[in-house]
Each structure stands twice: as C-alpha cells, then as structure tokens.
Amino acid sequence: MISRRDFVKRGVALVTLGTAGAALPPVFKGAFAVRASDATADAPGRTLVIVQLAGGNDGLDTLVPYRDPVYQNLRPSLAVPESAVLPLDDEWGLHNSLASLRPLWDEGRLALVHAVGYPNPDYSHFKSMRIWQTGDPAGAVGDGWLGSYLDRLEAEEHDPFHGFNVGRSTPPELRSGGAPIPSVTDPSSYSLERLAPREAESRRRQTALLKLYEQFPKDTPYAALLETTAQDAVASSSVVQEAAGASTAADFPETPLGQGFQLLAQLIASGVNLRVAHVTLGGFDTHSGQVADHRALLQALGDALAAFYDEMRALGKERDVLTMTWSEFGRRVEENASGGTDHGAAGPLLLLGGAINGGFYGEPPALTDLTNGNLKYTVDFRSVYASVLEQWIGVPSEEILGGRFSQLNGLLT
Amino acid sequence: MDATVSRRQLLAASAGVGLFASACREATRSPTGIGDPFASDRVRLQHLLRRAAFGANRDDLTRYDGQSLEAVVEDLLAYDSVDDSELESKLDANAYDFERPVDMVAWWLTRMSHTRRPLQERMTFFWHGLLTSGLSKLAGDLRPLLVRQNEFLRSHALDTYDVILKGISRDAAMMLWLDMHTNTKEHPNENYARELMELFSLGIGNYSEEDVREAARAFTGWSLSREAGGYEFRSMQHDYGEKTLLGQTGTWDGDDVIDIILQQPAAEQYLAERLWTYFAYPEPEPEVVQPVAQALRSSGFSMREGLRSVLLSEAFYSPRSYRARVRAPVDLAVSVVRMLSLETDGRIVAQACHQMGQDLFSPPNVAGWPGGAAWLGTSTWFARVNATAAAVNGTGGRGATSIPQADPSTLLIEEPSTAEEAVDGLAALLVDGHLSEEVRSFLIEFALDGAPDWRSLGVEERAERLRGLLILLLASPEYQLA
C-alpha cells in the first residue's frame with residue numbers, strides 16, 4: 001500500500017537523482033515506475049464503462065415497437081418503418097443504424113432494459129441529469145453514485161486510474177470528495193509542455209511547480225483538490241500517452257466517440273487498474289430534424305460499442321468489462337410539429353459485455369398508458385444501479401443509493 | 001449586529017494602499033499559513049480587483065494607490081463615465097466575423113482584456129452565466145443574435161432587474177435557446193417559464209408546477225420574426241384568459257409575470273445569493289446575504305445597489321472569502337493577459353480557454369458553468385499551466401496570433417538587486433505576497449540555482465530566472481484561486 005504523498009514523493013525523488021527521460025520529463029516516468037511496480041501485486045478488477053447519451057435519447061427510435069399501431073399513429077413522420085428495423089422479437093427491434101450491435105445480441109452479450117426511469121419524472125435536462133448522476137430523485141447536490149465507490153477505493157489504495165473520463169472535467173456521477181480522476185480529451189496534449197525554451201530549465205521549472213503544489217498550505221477549500229489534481233495529472237500523463245500510442249486489433253470509428261472508446265481500450269490493454277470509466281455522446285436533444293440526426297447518433301454509438309467489444313475480446317478481457325448507457329430522459333411519444341420530439345420520461349438502457357446474460361429485462365412500456373404524453377417507467381433506474389453495484393462491482397448498494405432496490409435477475413452469466 | 005457600522009469601521013481603517021514599490025519590500029512573510037489574509041490594505045484592493053475586475057496589474061495598483069476601498073468601489077461602479085473609445089477602435093480594427101464562434105469569443109475576450117471598464121465586463125460575464133444562452137441552437141446568420149444579447153446585458157449590466165428580465169424575455173437568442181418562439185396558445189411551451197423561475201429569479205421550492213404552467217400561458221404569443229428583426233407579439237397566439245400565478249389572479253402577460261415574480265421576497269433573496277456566490281463565496285450565511293437582499297429590495301432591484309452592498313460588506317473581506325473561488329478559465333486567461341499587458345486579438349486566448357474547458361457563448365447547459373471544483377481536472381490543469389507558460393515564453397511566430405516573450409522587468413517597479421527582492425516583488429504583485437516561508441525560501445533558491453547571489457548572474461540569466469518565477473507564480477495553486 002502506498003499513500004498519495006509517498007507516491008508522488010518517490011516520483012520527484014527520482015528526478016533529483018537524475019533519472020534520464022527521453023520525450024517526457026523524468027518526473028512523469030518516475031511516478032509511473034512506482035505505480036506500475038506496485039500495481040502488479042493487485043489482481044486486475046472488473047471495469048464498468050458508463051456511456052452518457054446527453055440530451056435525452058429517444059427510446060422509441062432506438063428500441064422500436066415496430067408493429068404497434070399506436071406508435072405509427074403518434075409518429076406519422078418519425079416512425080421507423082419495419083424495413084429499417086432489426087427485429088429482436090415480434091414486437092421490438094433495433095433501429096438499423098445499430099446494426100453493429102446485432103451480432104452481440106445474437107451471441108447473448110447485449111441486455112436491453114425496458115422503460116427505465118423514476119417517479120415524478122423531471123423534464124429539465126439539468127435536474128434529470130442530476131438525479132441520474134447522484135442516484136437521488138430529490139436531485140440533491142452531492143457525490144455521484146460512482147464517486148462514493150471511487151472514494152472507497154481511494155481509501156484503500158491510491159491509484160489515479162481507478163476512474164477515468166474521456167472529456168474535459170470530471171463527470172458528476174464520478175465526482176467525489178477525495179478522488180479526482182484523469183479527464184482526457186486528446187492524449188497528445190495530455191502533458192505539461194516545455195516550460196522554458198531550454199530543456200534543462202524546463203525540467204527545473206516543472207519540478208519546482210510540483211513542489212509549489214505539494215507545499216501549498218491546505219487551509220483553503222480547494223487546496224487539497226489542487227494538489228491531487230496536479231499530482232494525478234503528472235502521474236497519469238505518460239501512462240495515457242504511452243497507452244494511446246499502442247495499436248489496436250479492432251477498427252475504431254473516426255468519430256469522437258469511437259476515438260474515446262479506442263483510448264479506453266488502449267488504457268485497459270496497458271494494464272492499468274481501471275474500475276470506472278466514462279464517455280459522453282451528446283446531441284440527443286432532437287426537438288427538430290430528428291430522423292437524420294438521431295440516425296447518425298445511433299450509428300456512432302453502435303459502431304463504437306461494437307469496436308470496443310471486439311477489442312476487449314481480442315485482449316481476452318470481454319468478461320472483465322461491462323458497458324452501460326444512460327440518458328437523462330426519453331422523449332415524448334407523440335412527435336412535435338418540427339419533425340422532432342420533446343422531453344419525455346422513461347427510456348431503454350443498454351448493457352453490454354462478455355459476462356452479460358443477454359436479452360430483455362423489465363416490462364415493456366405501454367404506449368396507450370401515458371403520463372403527460374410520456375412513457376411510464378417500469379424499471380427504477382436505481383434497480384439498474386443496484387444490479388451493477390452488487391452483481392458487477394461487488395459492493396453493497398444500499399448506502400450509495402439510500403435504500404434497497406430490487407435487482408435485475410440474472411444479469412450476469 | 002449593524003453591518004453598516006462594521007463596514008464604516010472597516011473602511012475608516014483604510015489609510016491608502018501604500019506605494020507598490022514599498023509593498024514589494026514589505027511583502028508578508030508569515031511562517032506557515034497566512035493568518036488574517038486581509039491584514040494589509042493592499043491585499044484588500046487586490047482581492048477586490050480580482051473579484052470585481054480581472055485582477056490588478058502594476059498600473060492598476062499604481063492608479064488606485066492611496067485611495068480608500070470605498071473610493072475604488074465607486075470608481076469601478078461609475079464606469080459609464082469612463083472613456084473606452086480606445087477599446088472600441090481596437091475591436092473595429094480586428095474586424096470580427098460574428099457568424100464565426102471563435103471570432104465572437106475572441107471579440108469578448110478582447111473586451112475583457114483591454115477595457116477600462118472592467119466591472120462592466122465582469123457584470124456582463126456574471127449575467128452570461130445566469131441568464132444563459134448558447135450557440136448550440138444558432139447556426140450561420142443567427143449567431144450574431146448572441147452578440148446582440150451580449151450588448152444588451154452589457155448596456156444594462158447594473159440596471160434594475162425588472163428591466164433586465166423584461167429585456168432578456170424579448171431577446172431573440174434567449175427566445176430561441178429556451179423555445180419561447182414556439183410558445184402558442186394551443187401548445188404552451190413551459191421551457192422559458194420554468195427557467196425564468198427556477199434559475200433566473202426565485203429558485204427551486206419557491207413556485208409550483210401550476211405556476212410554471214400559468215406563467216407559460218402568460219408568455220404565449222411572444223414570438224420572433226425576421227421582418228421585425230427579433231421580438232414580435234402575435235396576438236392570435238396569446239392566451240388572454242385569466243391566470244393565477246403565485247397567488248395572484250388576472251389576465252397576466254409576460255411582463256406581469258416578471259412584476260409578480262419580483263414582488264416575492266424569494267426573488268431578492270435568490271438574486272442576493274447569486275451575487276454573493278459569484279463575487280464572494282458559495283453557500284453564504286443568511287446574515288451575510290440579508291443586507292444585500294435588503295439593498296436590492298429598497299432600491300427597486302437596482303443591481304448597482306446590490307453589488308455595492310456586496311463589495312463593501314465586511315464579510316467580503318473576511319478570511320472565508322479569501323481564495324475561496326477557483327479562477328474560471330476566462331478569468332485566468334484574461335488576468336494573465338492584463339497582468340502581462342499582452343497585445344492579442346483574442347483568438348489565441350479563445351483557444352486557450354477552450355483547452356481549459358470554457359467556451360464563452362457555449363455554456364454547458366441552461367444553468368451556466370458550475371464552476372468551483374468542476375474547473376479542476378487533470379486535462380484542464382495541463383491546459384492552465386501550458387497556456388500560462390506560452391503567455392510568458394511567447395508562442396513564436398509573428399502577427400496578431402502570436403505572443404512575444406514576456407519581459408518580467410516591466411512588472412516590477414524597481415530592478416531587483418537580490419533574489420529575495422525578485423521573489424518578493426513578483427509575489428506581491430501576483431499572489432498578494434502571501435507565500436509560506438517554506439515556499440518563499442524555495443523560490444529564492446530556485447531563482448539563484450546555485451549562484452552565490454543575484455548580482456553574479458548575467459542580464460540574460462536574470463531575465464530567464466524572472467520568467468521562471470513568473471511562470472511558477474502564475475501557475476501556482478495560489479494563483480488558480482481568486
């Protein structure tokens with residue numbers, strides 16, 4: 001076991017001893033060397049990948065009730081025609097832009113949970129996101145539902161890679177009191193640049209800068225977070241950059257989401273002890289022009305998920321990684337006057353992985369029994385969270401979710 | 001507790017800010033922490049200018065030298081009488097294309113960086129984070145609408161809140177952002193009505209869902225047309241029926257809604273808290289917010305009075321307020337540009353802000369930027385340090401998109417004759433002279449790097465060491481906080 005302070009101190013000590021480094025300042029390599037050798041003692045844990053579909057994904061355009069006349073009636077211009085649906089059973093089928101996921105469904109590695117939501121749905125993006133992120137329908141400002149888990153890991157042993165985010169700042173569901181996580185958009189800029197024209201002076205300044213963060217008095221509200229952020233940035237930089245340089249077996253799409261998943265795959269391949277990762281696909285707020293926009297979004301989603309699964313399989317890790325989507329709400333059943341749909345309530349959620357027991361979960365929503373024109377939920381989102389926390393991560397869910405929730409039975413094989 | 005008396009006592013103690021040069025020499029040296037951070041008048045001034053302006057460079061400190069805090073606050077608030085024509089000429093010369101997002105951002109950053117009315121820009125920035133609108137729903141020739149909104153917020157930055165709310169409710173960019181233009185009698189759209197109460201005026205818990213629906217009805221018919229160049233009232237779409245809003249019944253329209261909202265005690269409370277959180281610190285004590293709310297109420301919601309109350313409050317200069325905010329990327333970038341007197345057209349600054357995670361005119365959602373801890377990620381930390389280093393070391397290249405190497409000697413009143421003077425002089429300017437003794441010694445050692453003394457270094461070496469100190473202090477944890 002190694003404390004955060006020791007961890008960085010050892011890294012810095014290597015600099016003063018003059019450890020050589022090539023492209024990167026030695027302080028990074030030093031920190032990495034300490035981490036990697038310690039990490040080998042740990043058995044690699046399971047990884048949970050969260051995919052946020054931001055803006056409110058239209059569930060009925062994702063998992064389509066393709067033979068339901070009510071659906072056809074309420075969506076005269078939007079209803080996906082049967083010819084553009086990949087039937088999964090007699091009633092439900094995937095939008096064919098998700099064709100990449102069809103083989104995984106056939107293999108039984110894709111779980112689709114019907115009509116996930118919560119009581120008294122909120123139609124504000126902001127508030128509904130907060131509810132999903134905290135796991136609390138009161139939407140209290142607090143730690144994210146996975147942040148509490150990261151805090152727990154942090155208390156046992158510091159590792160900057162327990163959590164990881166593809167993006168600029170820590171997503172609220174992974175936010176916690178004591179465990180900042182690396183957030184990366186572009187691996188190539190994920191490092192300290194030269195702080196001086198001369199290489200030696202640049203290194204001197206970098207070392208000195210970390211010293212300032214270490215010695216900053218911890219009596220102001222953000223002081224501790226500043227120190228850990230700087231240290232984790234430096235400690236994770238070379239790992240991320242080296243990982244991102246490795247080639248992958250799967251062909252990842254050139255979309256931002258595809259590239260994000262590629263980075264996650266590369267990190268997992270590099271052997272870091274990644275427990276919770278987060279990626280976001282935005283643009284689901286399809287109030288107008290939904291047909292083309294939503295098709296492109298689903299295409300990007302399906303292709304990236306499939307490539308990621310293929311890569312995990314090539315690494316022999318498909319049973320160690322579970323991917324789950326969520327969106328703050330589904331959309332209004334009836335289309336609006338602009339070729340789009342307005343904010344709704346319950347929507348389907350997707351779980352994917354080699355350990356998943358594929359198929360449908362939960363009661364399908366009834367298009368004839370709506371509240372304010374929106375689907376009623378049949379599965380509480382906290383039931384999904386509880387299943388993931390208990391069955392996949394292996395931690396008690398009651399404290400994190402503030403109550404006991406029934407779980408999806410037999411989610412894992 | 002009479003806040004006014006305390007404030008007077010505080011201001012009476014203000015006997016001028018002291019010459020900056022002497023301040024450099026007397027830089028605070030407390031052994032570990034910093035005790036009372038506001039022990040010196042100069043630190044109060046620097047704190048005020050960090051919050052109400054965009055930091056204090058050498059010229060700012062010289063200009064306000066010897067003035068009481070009250071006088072400085074009045075000077076900042078009285079920006080209408082300040083000639084800013086030099087800035088306007090500079091902006092005209094840069095020929096920004098308001099259909100290009102990067103130009104829009106660069107234009108505003110250049111305003112912030114070069115204005116002589118910093119409080120006006122600060123307040124405009126405050127409004128942009130509260131009465132948010134974003135580019136995501138605006139393409140091509142609709143984008144300049146957001147600049148128009150920005151000009152509205154600027155010209156009414158310290159106006160009364162009813163004027164601001166009634167104006168923003170007719171603002172095209174806002175109407176598009178919150179779907180007001182589709183709010184018709186047959187299909188009322190609750191988006192604007194909800195955010196008006198939730199985020200702009202009352203806060204959650206101070207209105208009901210029924211109030212949202214009734215307010216939405218009152219705003220029906222408020223629409224847009226290209227012919228009108230923006231807001232247009234469509235009487236055919238307006239619901240002239242009776243509505244009951246917050247307990248009052250009548251045939252209300254949108255302006256009535258705003259008037260009724262601002263009659264609620266929750267409104268001054270909410271706005272006072274937003275002001276306090278933005279300018280001082282989050283989650284303020286009720287007794288600290290109360291005088292601000294009172295100032296708003298008794299002045300008919302004058303933002304000038306509300307802000308004056310914050311900036312002259314004793315609690316604004318209390319330890320809890322010190323370094324209590326994380327500098328937003330825009331704050332950080334603009335403060336560095338002003339500190340180093342960089343000449344840029346803002347485009348490179350816009351790029352830096354993007355890397356640090358803040359794009360003006362593109363707030364993440366209707367609630368604006370969450371701020372605080374959300375600014376501190378590993379990627380954005382690299383971006384903060386890298387941008388700072390580029391501002392000091394220069395970017396290479398020529399023309400409006402490049403930055404020359406900084407000359408740190410222009411930051412100091414006197415050429416330092418010792419490493420101690422070099423460290424203390426820069427620390428006084430950049431971090432209020434508030435370094436622990438441990439860090440100060442470390443920086444002195446860093447400045448000398450084995451040389452017996454400062455004078456033994458060559459001119460070039462001294463300049464390099466000063467640039468090193470400058471980068472370290474600008475990238476320091478102290479400077480990331482405001």
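Worth a mention:
- Segment A:168-187, residues that are buried (at least 20 other Cβ atoms within 10 Å of the Cβ) and part of a loop (DSSP other than H, G, I, E, B): A:168, A:169, A:170, A:171, A:175, A:176, A:179, A:180, A:181, A:182, A:185
- From the options A:159, A:232, residue that is closer than 30 Å to residue B:439 by Cβ, surrounded by 21 or more Cβ atoms within 10 Å (Cβ to Cβ) and more than 7 Å from chain B (Cβ to nearest Cβ): A:159
- Residue ID - nearest to the other protein chains (Cβ to nearest Cβ), chosen from residues in segment A:188-206 that are closer than 25 Å to residue A:244 by Cα and surrounded by fewer than 23 Cβ atoms within 10 Å (Cβ to Cβ): A:193
- Of the helices (runs of 4 or more DSSP H) lying entirely inside segment B:170-286, those containing at least 2 residues that are modelled with pLDDT under 95 and surrounded by 15 or more Cβ atoms within 10 Å (Cβ to Cβ) span B:172-177, B:191-198, B:209-218.
- Residues located in segment B:287-330, provided they are in a helix (DSSP H, G or I), buried (at least 18 other Cβ atoms within 10 Å of the Cβ) and of a type in the set (Asp, Glu): B:305
- Just so you know, in segment A:330-339 the residues that are out of contact with any Asp or Glu (no Cβ under 8 Å at 6 or more places or on another chain) and touching a residue at least 60 places away in the same chain (Cβ under 8 Å) include one that is surrounded by the fewest Cβ atoms within 10 Å (Cβ to Cβ), and it is A:339.
- For residue A:296: the one exception among (1) crowded, with 17+ Cβ neighbours inside 10 Å; (2) in a helix (DSSP H, G or I): (1)
- Residues of segment B:466-478 classified as within 10 Å of another protein chain (Cβ to nearest Cβ) and either part of a helix (DSSP H, G or I) or more than 30 Å from the chain's Cα centre (by Cα) (or both), total: 8
- Segment B:396-440 - residue that is within 11 Å of chain A (Cβ to nearest Cβ) and part of a loop (DSSP other than H, G, I, E, B) and, of those, nearest to residue B:467 (Cα to Cα): B:405
- Residues of segment A:300-316 include at least one that is part of a loop (DSSP other than H, G, I, E, B) and out of contact with any His (no Cβ under 8 Å at 6 or more places or on another chain).
- Taken together, the criteria place residue B:352 among residues that are under 29 Å from residue B:88 (Cβ atoms), without any contact (Cβ under 8 Å) to a residue 40 or more places away in the chain, part of a helix (DSSP H, G or I) and hydrophobic (A, V, I, L, M, F, W, C).
- Residue list for segment B:409-431, restricted to those being polar (S, T, N, Q) and crowded, with 24+ Cβ neighbours inside 10 Å: none
- Of all residues in segment A:100-117, none satisfies being at pLDDT below 95, under 30 Å from residue B:212 (Cα atoms) and in contact with a helix residue (DSSP H, G or I) (Cβ under 6 Å, 6 or more places away or on another chain).
- Which listed residue is part of a helix (DSSP H, G or I), touching a residue at least 40 places away in the same chain (Cβ under 8 Å), of a type in the set (A, V, I, L, M, F, W, C) and buried (at least 16 other Cβ atoms within 10 Å of the Cβ), from B:447, B:463: B:463
- Yes/no for residue A:174 being more than 9 Å from chain B (Cβ to nearest Cβ) and under 32 Å from the mean Cα position of the chain (by Cα): yes
- Among the residues of segment B:368-390, those identified as facing chain A (nearest Cβ under 8 Å), in a helix (DSSP H, G or I) and of a type outside the set (A, V, I, L, M, F, W, C) are B:372, B:378, B:379, B:380, B:386.
- Given (1) at the interface with chain B (Cβ under 9 Å from one of its Cβ atoms); (2) under 18 Å from residue A:188 (Cα atoms), number of the condition residue A:260 does not satisfy: (1)
- Counting residues in segment A:335-351 that are in a loop (DSSP other than H, G, I, E, B) and under 22 Å from the mean Cα position of the chain (by Cα) gives one or more.
- The set of residues from segment A:208-226 being more than 7 Å from chain B (Cβ to nearest Cβ) and either buried (at least 17 other Cβ atoms within 10 Å of the Cβ) or at pLDDT below 90 (or both) comprises A:210, A:218, A:224.
The values are calculated or read from the model by the stated rules, or taken from the named source; none is laboratory data. A quick note: this is a predicted structure, and the numbers were derived from the prediction, not measured. Cβ sites come from the backbone with ideal geometry, for glycine too, and all protein chains shown count toward neighbours.
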